[in-house]
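Novice: Structure incoming, see below.
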Amino acid sequence: MNTHGLEAKPLNVSDIRKDFPIFSQPDGKSLYFLDSAASSQKPLQVLNAMDNYYCTTHANVHRGVYRLAEQATELYESARGKIGRFIGAPNPSREIIFTKNATESINLLSNSLSRGTLKRGDVVVLTEMEHHANLVPWLIAKEQLGIEIRYIMVDENGYLNLDNIDEVLRNAKILSITLASNVLGTINPVSQLAELAHKNGAIVIGDGAQFVPHVATNVTALGVDFLAFTGHKMLGPTGIGILWGKSALLDSLPPFMGGGDMITDVTLDGFSPNELPWKFEAGTPPIAEAIGLGAAIDYLENLGMDRIREHELELLSYGIEMLESNFGENITIHGPRNINDRGGVISFDFKDIHPHDISQILDQSGVCVRAGHHCAKPLMRHLGVAATARASFHIYNEQSDIDALIDALAKAQAFFG
Ligand SMILES: Cc1ncc(COP(=O)(O)O)c(C=O)c1O
């Protein structure tokens, strides 16, 4: 069902795969790419948009008054508008900041908030399931400023334990939380938590790196004040990330980096910061990457985010069922049992075989899964493992990818006895 209560038309995966050159390489047919949570593949539409920009319209933005520079600026700024509308931003032209990735978006915030808003002893609330991108910037602030960090812990079913949430959020200045876990898949009740955090006067930051590429997103419905996400996980190029923020809050923060483009005036004694969003975009920005991300958004919107979510839920349900029915007690799948509470990632332990060995054996069958700590070391400690193997999906995956995963795991099982 989609958000209008209608049955969503299934994605035509074989047509979609024709748009992705990686699957038309000589060995592309036997490429079972199950690592989109790390980075997604790119359709021709994105590659062509970037190519076309470089071939026909490249000049630096916001500087020249000649036609080519104006056209480049127009393309760059119109990508900002598209991205803003995609997440329901009330005022895209001021509230969408281009960064390098989600990590930089969160560092921008932790850094700028540490210069004025946060003081020694202030409380920042995170969760035990955060990616390092939403942990280390705050640990740096703790080291430099002496803030206190509190955590919402994870329960045995892969959900956040909200039993003592009022206590955890009491007097918090900031709640910074992932919308969806890159390990457990858990989709967190962010709008509910944002409401509670706001009652305590806290600012709410959402890490949307694993959510925005897969689920229709509306910042107002989510109730967050800031949202960070990253282009390369949503069919866009690497080197482009987004920070969305409410303009009043962005206006109140000092710039992150200094340099060209982020000022209105500079003297030998000081500077005046530029208007939003350019106040936070020092130096020549990732122009081609922003345009590429704009094309990725067009591609996703064309398919429809509701259909994409439906497709991934089907894969998730098939994947979990196949893994459990084929390997029974030899496999442990982490995260919530109810697939409606998860994104398209399946992290698992397989017998007592190290995930790196699993990943290498699967690779011999062309199956790409991620093995490691997934930049979530505290969560690994909670799960009592050093690493997991993780299969993750996007629009170009189909049941045959999961079948290939099952066959390759059966080989691993036979090999290790
Ligand atoms: C939940 C989550 N947050 C943040 C990031 C960081 O994204 P990037 O490396 O593009 O900055 C990732 C990347 O895997 C992630 O999964």
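Novice: With +1 on the Cβ of every Lys and Arg and -1 on the Cβ of every Asp and Glu, and nothing else charged, how large is the dipole of the chain about its Cα centre, in debye rounded to the nearest 20?
Specialist: 700 debye
Novice: Also, I was wondering about something else. Among L303, L268, H214, which residue has its Cα furthest toward the positive end of the charge dipole of segment 208-332, with +1 on Lys/Arg Cβ and -1 on Asp/Glu Cβ?
Specialist: Farthest towards the positive end: L268.
Novice: For N161, list long-range residues whose amide hydrogen, built 1.01 Å from N in the peptide plane, is under 5 Å from its own amide hydrogen.
Specialist: The list, which skips near neighbours in sequence, is M153, V154, D155.
Novice: Related question: Residue by residue through segment 352-365, what is 3J(HN,Hα) from phi via Karplus (6.51 cos²θ - 1.76 cosθ + 1.60, θ = phi - 60°)? Round to whole Hz and write x for glycine and proline.
Specialist: Couplings: 10, 7, 5, x, 5, 5, 4, 4, 5, 5, 4, 4, 5, 9 Hz.
Novice: Sticking with this structure for a sec: How much of D35 can a 1.4 Å solvent probe reach, expressed as accessible area in Å² and rounded to 10?
Specialist: 20 Å²
Novice: Same structure, new question: Please state the relative contact order of segment 1-135 as a whole percent: Cα pairs under 8 Å, 6+ residues apart? Numbers along the way, then the final one.
Specialist: Details: 67 pairs, mean separation 13.5, N = 135.
About 10 percent, as a whole number.
Novice: What percent does the relative contact order of the chain come to when contacts are Cα pairs within less than 8 Å and at least six residues apart?
Specialist: RCO, the chain: 22 percent.
Novice: Arrange the peptides 339-345, 82-88 so that the one whose residues have, on average, the most other Cβ atoms within 10 Å appears first.
Specialist: Ranking, from highest mean packing down: 339-345, 82-88.
Novice: Could I ask something else about it? How high is the relative contact order of segment 282-350, in percent, with contacts defined as C-alpha pairs under 8 Å that are six or more residues apart?
Specialist: Working: 33 pairs, mean separation 19.4, N = 69.
Here the relative contact order equals 28 percent.
Novice: Sticking with this structure for a sec: Amide H to amide H under 5 Å from R150: which residues, 5+ apart in sequence or cross-chain, H placed 1.01 Å off N in plane?
Specialist: Counting only residues 5 or more places away or on other chains, the set is V124, V125, L126.
Novice: Please enumerate, by chain and number, the lysines with C-alpha under 29 Å from the C-alpha of K18, excluding those fewer than 8 residues away in the same chain.
Specialist: Qualifying lysines at Cα under 29 Å: K9, K29, K42, K82, K100, K233.
Novice: Further question on the same structure: Report the local net charge at Q210: Lys and Arg +1, Asp and Glu -1, summed over other residues whose C-beta lies under 12 Å from its C-beta.
Specialist: Values: positive: K233, R342, R390; negative: E130, D207, E312.
Its environment carries a net charge of 0.
Novice: If we count every other residue with Cβ under 11 angstrom of L303's Cβ, Lys/Arg +1 and Asp/Glu -1, where does the sum land? Before the final figure, lay out the partial values.
Specialist: Numbers: positive: K9, R307, R309; negative: D15, D19, D298, E301, D306, E310.
Taking every other residue near L303 into account, the sum is -3.
Novice: What is the angle, in °, between the Cα long axis of helix 287-303 and the longest principal axis of the Cα atoms in the chain? Nearest 10 is fine, range 0 to 90.
Specialist: Once rounded, one gets 50 degrees.
Novice: Same structure, new question: Please give the peptides 238-247, 224-233 ranked by average Cβ packing (other Cβ atoms within 10 Å per residue), highest first, as a rough proxy for protection. Present the calculation step by step, with values, prior to reporting the outcome.
Specialist: Numbers: 238-247: 23.5, 224-233: 27.3.
Ranking the peptides 238-247, 224-233 by packing returns 224-233, 238-247.
Novice: Over the chain, what is the percentage of antiparallel beta bridges among all DSSP beta bridges, to the nearest 5?
Specialist: Roughly 60 percent of the DSSP beta bridges within the chain come out antiparallel.
Novice: In whole percent, how big is the carbon plus sulfur part of the accessible area of segment 47-302, probe 1.4 Å, protein atoms only?
Specialist: The value for segment 47-302 is 51 percent carbon and sulfur by accessible area.
Novice: Across the chain, what fraction of all alpha-carbon pairs, as a whole percent, falls in each successive 10 Å bin from zero upward?
Specialist: Per 10 Å bin, starting at zero, the Cα-Cα P(r) for the chain comes out as 5, 21, 30, 25, 14, 4, 0, 0 percent.
Novice: Return the equivalent ellipsoid semi-axes of segment 71-134 as a descending list in whole Å, where each equals the square root of 5 times an eigenvalue of the C-alpha gyration tensor.
Specialist: One finds semi-axes of 29, 14, 12 Å for segment 71-134.
Novice: What's the angle, to the nearest 10 degrees (0 to 90), between helix 305-327's Cα axis and the longest principal axis of the chain?
Specialist: So the helix axis and the longest Cα principal axis differ by about 30 degrees.
Novice: Just name one of G258, T332, P189: the one whose Cα is farthest towards the positive end of the charge dipole of the chain (beta-carbon charges, Lys/Arg +1, Asp/Glu -1).
Specialist: G258
Novice: Can you give me the angle between helix 136-145 and the longest principal axis of the chain, using Cα atoms only, in degrees from 0 to 90, rounded to the nearest 10?
Specialist: Approximately 40 degrees, to the nearest 10.
Novice: Another question, then. Using a Gaussian network model of the chain with C-alpha springs under 10 Å, which one of A248, A288, A197 is most mobile by mean-square fluctuation?
Specialist: Answer for the Gaussian network model of the chain: A248.
Novice: When N counts the residues of segment 108-163, how does its alpha-carbon radius of gyration compare numerically with 2.2 N^0.38 Å, as a ratio?
Specialist: Compactness ratio reported: 1.22.
Novice: Oh, and also: Size of the dipole of segment 274-383 about the Cα centre, Lys and Arg at +1 and Asp and Glu at -1 on the beta carbon, nothing else charged, in debye to 20?
Specialist: The dipole magnitude comes to about 360 debye.
The values are calculated or read from the model by the stated rules, or taken from the named source; none is laboratory data. It should be emphasised that the depicted structure is a prediction, and the values quoted were computed from it without experimental measurement. Every residue, glycine as well, gets a Cβ built from its backbone with ideal geometry; the counts of neighbours run over all protein chains shown. Quick note on the areas: whole protein, heavy atoms, side chains included, nothing else; ligands and nucleic acids left out. Shrake-Rupley method; radii C 1.70, N 1.55, O 1.52, S 1.80 Å.
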